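Notes to accompany the following structure.
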Amino acid sequence: MKLLILAAASLAVVSCASLSLEDLEFHAWKLKFGKSYSSFQEEAYRKNIWLSTRRRVLAHNILADQGISTYRMGMNHFSDMNQEEFRQTVLLRGMIPSNETKTIPHLVAKVSTPQGGTAKLSDSVDWRDKGCVTPVKSQGQCGSCWAFSVTGALESHTCIRYGSLPTLSEQQLVDCTRSYGEQGFSLLWSELGSYMGKLKTEACSNSPLLNYYQEGYCRFNPEGVGATCRGYSDVTPRGDESALQHYVASEGPVSVAVDAQHFQNYQSVR
């Protein structure tokens, strides 16, 4: 009996020893983000990507700790995706940057830096302190970032003007602007303003109709309007940080296009 117990204990020790720290971390990561895979082969493939990501994150954070990099990286729900999968699954597809902006004349104004520049602006402005920014939302695995950008700006400007912060429906924009791009996902940045004309200048309050990656029918309901918009403004000259700084400080949050392909494992500023 003693020999049997000793053998069982030895087997348990050997089994535990066969699990590396990386194995334990991967298991904990799967539990944290609710990850499961269809086969052992798929899990092995994803684990290899995860291990590569882990090495890259650790190496980058060493630079951040030394003050060489200004931000830290972390292991998140994108960490088992390679960079091409991240671009194809999450980022906006079909965006074509251009120096020309396709606009609707009666809806668009031009906003530029006034004379005197930004000299009189505060060192920092945070509209969250005013209660005019909704919590961060997740777009899931869908290139619908444009919809989140638009609703975020409209939510904030509604709050700044009327004192009440609505939560608007990105799903409505994805469903009701399909004519502007494949399933609403490839909407050109230059056409973002014209969707309001498509929706009768109204945006519905948020309602969980579908997952963001699904294509649904346009279910615009006039009784569920959460905000209205008469037009939008281009911050000019394009790419002028001083003009952007002035507008954010004096008017409110701005909807912008950002090259986010390197944000896959971003965690925080250093």
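The values are calculated or read from the model by the stated rules, or taken from the named source; none is laboratory data. Given the structure is predicted, the values throughout are model-derived calculations rather than measurements. Note: ideal-geometry Cβ built from the backbone for every residue, glycine included; neighbour counts use all protein chains shown.
Computed quantities for the displayed model
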quantity: Residues (modelled with pLDDT under 85 and part of a loop (DSSP other than H, G, I, E, B)) located in segment 70-92; calculated: V90, L91, L92
quantity: Segment 123-155: number of residues that are under 24 Å from S250 (Cβ atoms), more than 10 Å from the chain's Cα centre (by Cα) and not basic (K, R); calculated: 16
quantity: Subset tally (residues that are among the polar types (S, T, N, Q) and either surrounded by fewer than 14 Cβ atoms within 10 Å (Cβ to Cβ) or out of contact with any helix residue (DSSP H, G or I) (no Cβ under 9 Å at 6 or more places or on another chain) (or both)) for segment 55-81; calculated: 3
quantity: Among (1) more than 30 Å from V248 (Cα to Cα); (2) exposed (fewer than 10 other Cβ atoms within 10 Å of the Cβ); (3) at pLDDT below 80, the one test that S38 misses; calculated: (3)
quantity: Positions within segment 128-151 being at pLDDT 90 or above and touching a helix residue (DSSP H, G or I) at 6+ places or on another chain (Cβ under 9 Å), in sequence order; calculated: K130, G131, C132, V133, T134
quantity: Enumeration of residues in segment 218-270 that are touching a Gly at 6+ places or on another chain (Cβ under 8 Å) and assigned to a loop (DSSP other than H, G, I, E, B); calculated: G231, P253, S255, N265, R270
quantity: Qualifying position, being touching a strand residue (DSSP E or B) at 6+ places or on another chain (Cβ under 9 Å), modelled with pLDDT under 85 and not small (G, A, S), among E251, E182, E202, E215; calculated: E202
quantity: Whichever residue in segment 219-241 is surrounded by fewer than 15 Cβ atoms within 10 Å (Cβ to Cβ) and among the acidic types (D, E) and, among such residues, is modelled with the lowest pLDDT; calculated: E223
quantity: Residue check, L154 closer than 21 Å to E170 by Cα and either modelled with pLDDT of 80 or more or aliphatic (A, V, I, L, M) (or both); calculated: yes
quantity: Residue match in segment 93-112 (condition: surrounded by fewer than 19 Cβ atoms within 10 Å (Cβ to Cβ), modelled with pLDDT of 80 or more and outside any helix (DSSP H, G or I)); calculated: no
quantity: Flag for R46 being farther than 18 Å from E22 by Cα, of a type in the set (D, E, K, R) and either touching an Asp or Glu at 6+ places or on another chain (Cβ under 7 Å) or not in a helix (DSSP H, G or I) (or both); calculated: no
